[in-house]
1. Dipole magnitude of the range 1-140 about its Cα centre, charges +1 at Lys/Arg Cβ and -1 at Asp/Glu Cβ only, in debye to the nearest 20?
2. Which of the pairs K42/K218; K111/K218; K61/K208; K60/K111; K61/K166 have their Cα atoms more than 23 Å apart in this structure?
3. Taking θ = phi - 60°, what integer Hz values does the Karplus form 6.51 cos²θ - 1.76 cosθ + 1.60 yield along the range 49-58, in sequence order, with x for Gly and Pro?
4. Could you tell me the calculated FRET efficiency between K185 and M242, based on Cβ-Cβ distance and R0 = 30 angstrom, to the nearest 0.05?
5. Taking H as built 1.01 Å from N, whose amide H comes closer than 5 Å to the amide H of W50, not counting residues under 5 places away?
6. Quote the FRET efficiency, to the nearest 0.05, computed for T114 versus L222 with a Förster distance R0 of 25 Å and r equal to the Cβ-Cβ distance.
7. Over the chain, what percent of the accessible surface lies on carbon and sulfur atoms, probe 1.4 Å?
8. Pop out the ³J(HN,Hα) list for the range 197-202 in order, Karplus 6.51 cos²θ - 1.76 cosθ + 1.60 with θ = phi - 60°, rounded to Hz; leave Gly and Pro as x.
Amino acid sequence: MLLTDSTTIITRDNIQLLHIENAFAYAEISLFGGHILSFKPKHDYRERLWVSQHAFFDAKKPIRGGIPICWPWFGAHKSKTHLAAHGYVRTQTWQIISCEETGTGTTITLKPQTSTGDGFEGDAQLVLVVHVGQQLTIQLSTSNLGDTPLTYNCALHSYFAISDIKQCELLGLSKQYTDKTRGYKMLDTPQIYKFNEETDRVHQVQPKTLTIADGEVKTDILSSGHDSIVVWNPWQEKSINMGDMADDGYLTMLCVETAITQGQDVAPKTTHVLQQIIQ
Ligand code: BG6
């Protein structure tokens, strides 16, 4: 048996979920999508992640909320527009490679059924390593198994649980961003970064640490291996039009995504690691 004492497997609708509870935290990972759904450190028992109350668990459509893995492209495919947005691994069933207990928590390693697919030329192996401890550490490794360089984009598309989008502030971003809601215009990052409308922004070249300030409650997000931070909230009209979101679902979530949007090259026989740490 691959699992350790802190880890059990349960089924919800058509999906298998790993429940992890150790001395440090509680977490839940869906094998469909290699998709983390919950992280609650025991020092405050506060849920860090948001999952839509109308999320699909049919093992066909991506799950709305948690941490979807977008790979090997981000958003729409650049030439094959009929392909699914955000790549093909968030709708695959992933396999457990290992589960280990360490002095600081539980480490689960997963890989998708296949790392190859229509729309991606590379000969790659994708691996997800999740460490559930006082903090949640997520590492997405892309290894180039081939003899020629490959290029990929991706995101750890984290949905954070907040009490009220209209009260919360995102700290740590600066310079300019590309605004997808305004025809990809480049705009200055607001110095007080608050939310009052649909937000879909790509911020390139950003510091490692960002903070969501939800009143007095703070969530830190540490990123590495990325070239962009994507900030997304669909706001009311889009929430109403999405089949897997409550009409007012946008009020209690904010996506802060550790992303590669500009194409990351990976030389033959090397590995690139994208990491997000949630505190
Ligand atoms: C964000 C994109 O990362 O994901 C948005 O910037 C997109 O444009 C959002 O709408 C959600 O995507 P999806 O495919 O999960 O509905």
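1. For the range 1-140, the charge dipole is close to 480 debye.
2. K111/K218; K61/K208; K61/K166, as the Cα separations exceed 23 Å there.
3. My calculation for the range 49-58 gives 10, 10, 10, 4, 5, 10, 4, 7, 10, 9 Hz in order.
4. That pair, K185 with M242, gives E of 0.80.
5. Under 5 Å from the amide H of W50 lie the amide H atoms of G66, Y159, F160, A161, each far enough along the sequence or on another chain.
6. Working: r = 30 Å, r/R0 = 1.20.
Efficiency computed from Cβ-Cβ geometry: 0.25.
7. Values: 6010 of 12290 Å².
Taking all protein chains in place, the chain shows 49 percent carbon and sulfur surface.
8. Here the 3J(HN,Hα) series is 6, 3, 10, 8, 10, 10 Hz.
The values are calculated or read from the model by the stated rules, or taken from the named source; none is laboratory data. Worth saying up front: this structure is predicted, and the values here are computed from it rather than measured. Because the Cβ atoms are built from the backbone with ideal geometry, glycine has one as well, and the counts that use them run over all protein chains shown. Areas reflect the complete protein model, heavy atoms only, side chains present, ligands, DNA and RNA absent. Shrake-Rupley method; radii C 1.70, N 1.55, O 1.52, S 1.80 Å.
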